[in-house]
């Protein structure tokens, strides 16, 4: 896959939700929530401040991040689903 997000955008692959609960109950697709965790696949070229200086990213490739439920733009590339969102929309990095 060759995709390079532009500006301060980040390409994230959502991580799959668990199929069953800890108690063994199987969760149907209609009851699953949208994934809130994802893996950073690619980062953009960077955002510029008012002086034209590039602002460094706080996330990097392969970081696990916490995303908003309904943020970003969903895209499908080579049969896989991804989200493109601005770095400022990412809620946090999971250590």
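The values are calculated or read from the model by the stated rules, or taken from the named source; none is laboratory data. All of these numbers come straight from a predicted model, not from anything done at the bench. Positions of Cβ are backbone-derived with ideal geometry, glycine not excepted, and every protein chain shown enters the neighbour counts.
Numbers at a glance
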| item | result |
| --- | --- |
| Pick from the range 1-16, criterion more than 18 Å from residue 58 (Cβ to Cβ) and in contact with a strand residue (DSSP E or B) (Cβ under 7 Å, 6 or more places away or on another chain), ranking: modelled with the lowest pLDDT | 1 |
| Positions within the range 61-90 being outside any strand (DSSP E or B), on the phi < 0 side of the Ramachandran plot and surrounded by 12 or more Cβ atoms within 10 Å (Cβ to Cβ), in sequence order | 61, 63, 67, 68, 71, 87, 89, 90 |
| Some residue of the range 31-38 being modelled with pLDDT under 85 and loosely packed, with under 10 Cβ neighbours inside 10 Å | yes |
